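A.B. asks: Structure below; questions to follow.
The values are calculated or read from the model by the stated rules, or taken from the named source; none is laboratory data. What you see is a predicted model, and the numbers here were worked out from it, not measured in a lab. Methodologically, a virtual Cβ is constructed for each residue, glycine included, from the backbone with ideal geometry; neighbour enumeration extends over all protein chains shown. Just the protein is used for accessible areas: all its heavy atoms, side chains included, with ligands, DNA and RNA removed. Shrake-Rupley method; radii C 1.70, N 1.55, O 1.52, S 1.80 Å.
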There are 4 protein chains.
Amino acid sequence: MTDIAEKPHGRGPVRAKGQETAGRVRKAALKRFAAAGYAAVSMREIAADVGVRPGALYNHFPTKQDILKDLMLSHMAELLSAWDEADFPDGMDPLERFVRFHIRHHLERADEVFISYMELRSLEPENFALIEAERRRYESILTGILEDGAAKGRYSIDEPKVATRAIIAMLTGIPNWYRTGGRLSERNIEDLYLTMVRKAVAPLATREPAALNDTQKVPAL
Amino acid sequence: MTDIAEKPHGRGPVRAKGQETAGRVRKAALKRFAAAGYAAVSMREIAADVGVRPGALYNHFPTKQDILKDLMLSHMAELLSAWDEADFPDGMDPLERFVRFHIRHHLERADEVFISYMELRSLEPENFALIEAERRRYESILTGILEDGAAKGRYSIDEPKVATRAIIAMLTGIPNWYRTGGRLSERNIEDLYLTMVRKAVAPLATREPAALNDTQKVPAL
Amino acid sequence: MTDIAEKPHGRGPVRAKGQETAGRVRKAALKRFAAAGYAAVSMREIAADVGVRPGALYNHFPTKQDILKDLMLSHMAELLSAWDEADFPDGMDPLERFVRFHIRHHLERADEVFISYMELRSLEPENFALIEAERRRYESILTGILEDGAAKGRYSIDEPKVATRAIIAMLTGIPNWYRTGGRLSERNIEDLYLTMVRKAVAPLATREPAALNDTQKVPAL
Amino acid sequence: MTDIAEKPHGRGPVRAKGQETAGRVRKAALKRFAAAGYAAVSMREIAADVGVRPGALYNHFPTKQDILKDLMLSHMAELLSAWDEADFPDGMDPLERFVRFHIRHHLERADEVFISYMELRSLEPENFALIEAERRRYESILTGILEDGAAKGRYSIDEPKVATRAIIAMLTGIPNWYRTGGRLSERNIEDLYLTMVRKAVAPLATREPAALNDTQKVPAL
DNA sequence: AATGAATGAGGATTCATTCAT
DNA sequence: AATGAATGAATCCTCATTCAT
């Protein structure tokens, strides 16, 4: 939305680097796919955002589907490489690492995240398989942390895969409602969610007998 | 809930043909909207599912948008009235009530839930306002439970609205991956999530040692 | 081109029988495919000829390709059934029958003929197979006549299939240049070609030994 | 024969690169025009065949139409000059000469022939006139032979122009079905067709009165 | 001589919707 | 309540061509 305003005007190519156009297409498509959904966005709209005629888009992406695939693949690649390079204090608990990383990364990329979770259904089967593989790789990071912690007795988790999904759903839901500039800072959110996650997987120790009784009492229901 | 659907008939129960069609339209639209997204579904597809020509749909719903609005409004109405009528053992902890209710209701209505959370963006502003009001009413039930429990010192929650969203996101994410007939029963899921939710809002550490023991007692599951 | 002028005007369906529209589409497509070739004709042009918006064509033919297929299949069906029903004087020589029939039929249907021979390449493989089978059925009629006559010693033909093609090519080429209303009547054309065909397959008898010798003498060349 | 193709180069034989490209364009266009028709072939396809981007074609031919015009004009020029230079045994009958020449030339140039007869309709009027003039020149060769032979009493032809077209259509149809390597050699084909042509224009003399009578007897029909 | 990016027009087809029957 | 035919606008994408580099 920023550089778009600087698009060269007049007819014909102004030699303003075609390279840039592909990037502007990505940016415009991202915004629109996130806002309205892949199917509801037309190539015309994207072209208009970019400041180009619809046909020109096809110099950069062979089909609309390829734009989506490109966005999703590069999001997953970035997510995984960002995790590899994440810089946290040495002694930090892996679960804290993951929670803070995930929230931070996802709050900065609300649109990419949303698309990546919502538009899986808009992918043609071949592309779906590509993306799905990446998603599993990411989820397995958290599953590994949980299993590891459970093995060491630090967490109490019966089903690490279920817990992985529960936690990721919880964290990934944040950008749905969180708006920067509000009462809560990103750091506040991180802390709040970290607390909830930690407690959710914490060993019960000697602490909450009453609650459990409740649960067990629940009969047929 | 479209007015058309309510058109009363004076001819006795035999004359249910039109009613039936409207119902079949709702059912077909629900499936397709959930699977592909509102924008990606055509009236022709719905008509084909129903076994009718596209024009006939307009005898039952004035526009495609009205089908969506109908589905979402009736889902929310049903959700709220189901909560009002939910039948739980008398002494049950309200949070447990809510968690079990929500999971149960949503697992039975995966498509409605999904549409209701995803297709808000496809609603025209007027319809959006209608639905959004209902959603807030539902969320406020959980917020109320949390605030109440916090006031009584049973939970430790700094931000009840944040917690509300975190919990609802976590629970609502279940139908995204849960499949009946797998290793985990619905009841298992309820128990697992209930445990996580309870712990997530539990007062910390030294405060409720008893509770923890209870949780650990939860056996095989 | 005639009834088209009578197309009902004004917006919306004038209930002037949709049935008729399909026929008008066929007629317009025929003219245009013959004149410019399948690939060079747009659905918009056909629609304009018919007096309808492009989308309306799709109520009658699922694709442009189906219009072509329809034209070619019905031409071949008509050709074969016309042959079956052709009414010639009882004692007429079968070859004369065929030549007169072919010329007559094809002069009346210059466009269909042209399309049927030229647009085979525009058919998708499945449709091509359908049409090609019909074409072979028709050619086999002439081959049968030639083989029969040769067996009876009335014709001298070394390669009945080659002769079939030679004759059909010769006859089918007529509409390429012949224009009614010129110096030569259709009847003249029939007679001229019949004479040439007859002579082409006639036994050489004892009459033109020189000619044949010539041919045989031709050496390497 | 586009002017561009004739652009002389002063740099010696090494600098034949551009020339080569133009030739490759001609060759690719020829194949594709023959196979699919002018209208169905895109400049992009031609460029891909040549191994070049579409824009580069315009260094060699100003428009797509000019490629077609070039192919057709050069085919006709080659045909006429090949006739002038054809080397046949001295005493050979002119009709045999023509038939053998035409078959030979056309079997070697199936694509050019096909285009030249089929894509006349794709020519803009100005280009059409150019080509049509050449075609008439070629046809007049055969007409001359027939008229000459008729004058000398060697042939019996009522309408030399009709006969010209009949014969050319017959001969030109060969590449439509003939495939080298089959049962019949090119030489066999020449002989078969020559026989048919000769007989078709042969004087009836005293030899086949019956046949003629047959024709004449045919009444109204 | 070739590229890469663009244009503007147009390709076939689909869409939600209308309406006479 | 349903149909069949239509509309008008929009869909994705392809086209021939241009032109700065």
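A.B. asks: Which count do you get for residues in segment C:151-195 that are small (G, A, S) and in contact (Cβ under 8 Å) with a residue 40 or more places away in the chain?
C.D. replies: Matching residues across segment C:151-195 total 2.
A.B. asks: Next up: Return a yes/no flag: does segment D:23-36 have any residue that is within 14 Å of chain C (Cβ to nearest Cβ), within 15 Å of DNA strand E (Cβ to nearest atom) and assigned to a helix (DSSP H, G or I).
C.D. replies: Taking every residue of segment D:23-36 in turn, at least one turns out to be within 14 Å of chain C (Cβ to nearest Cβ), within 15 Å of DNA strand E (Cβ to nearest atom) and assigned to a helix (DSSP H, G or I).
A.B. asks: Tell me, yes or no, whether segment C:115-124 has at least one residue that is touching an Asp or Glu at 6+ places or on another chain (Cβ under 8 Å) and at pLDDT below 95.
C.D. replies: The answer is yes; a qualifying residue exists.
A.B. asks: Restricting the search to segment B:169-183, which residues are of a type outside the set (K, R), part of a loop (DSSP other than H, G, I, E, B) and more than 7 Å from chain A (Cβ to nearest Cβ)?
C.D. replies: Within segment B:169-183, B:Y178, B:T180, B:G181, B:G182 meet the criteria.
A.B. asks: Assuming C:R198 fulfils every condition listed in (1) in contact (Cβ under 8 Å) with a residue 60 or more places away in the chain; (2) assigned to a loop (DSSP other than H, G, I, E, B); (3) at the interface with chain D (Cβ under 7 Å from one of its Cβ atoms) apart from one, which condition is it?
C.D. replies: (2)
A.B. asks: Please enumerate the residues belonging to segment D:136-168 that are open to solvent by 40 Å² or more (accessible area, probe 1.4 Å), within 14 Å of another protein chain (Cβ to nearest Cβ) and in a helix (DSSP H, G or I).
C.D. replies: Of everything in segment D:136-168, those that are open to solvent by 40 Å² or more (accessible area, probe 1.4 Å), within 14 Å of another protein chain (Cβ to nearest Cβ) and in a helix (DSSP H, G or I) turn out to be D:R136, D:K161, D:R165.
A.B. asks: Only one of A:D70, A:D84, A:D93 is closer than 30 Å to A:E190 by Cα, within 16 Å of DNA strand F (Cβ to nearest atom) and in the same structural domain as A:E190 (by TED's automatic domain parsing); which?
C.D. replies: Only one candidate qualifies: A:D70.
A.B. asks: Continuing with the same structure: Output the helices (runs of 4 or more DSSP H) that fall wholly within segment C:42-87 and possess 1 or more residues being away from DNA strand E (no atom under 16 Å from the Cβ) and open to solvent by less than 50 Å² (accessible area, probe 1.4 Å), or say none.
C.D. replies: Result: C:64-85.
A.B. asks: Scan segment A:201-213 residue by residue and report those that are facing chain B (nearest Cβ under 7 Å) and modelled with pLDDT of 85 or more.
C.D. replies: Selection gives A:A202 alone.
A.B. asks: Let me ask something else. Looking only at segment C:88-113, which residues are open to solvent by 40 Å² or more (accessible area, probe 1.4 Å) and in a loop (DSSP other than H, G, I, E, B)?
C.D. replies: Within segment C:88-113, C:P89, C:D90, C:G91, C:R109 meet the criteria.
A.B. asks: Within segment A:46-64, work out how many residues are near DNA strand F (Cβ under 7 Å from one of its atoms) and either more than 14 Å from chain D (Cβ to nearest Cβ) or of a type in the set (S, T, Y) (or both).
C.D. replies: The total comes to 4.
A.B. asks: Output the residues belonging to segment D:169-195 that are at pLDDT 90 or above, open to solvent by 20 Å² or more (accessible area, probe 1.4 Å) and more than 17 Å from the chain's Cα centre (by Cα).
C.D. replies: Of everything in segment D:169-195, those that are at pLDDT 90 or above, open to solvent by 20 Å² or more (accessible area, probe 1.4 Å) and more than 17 Å from the chain's Cα centre (by Cα) turn out to be D:R183, D:L184, D:S185, D:R187, D:N188, D:D191, D:L192, D:T195.
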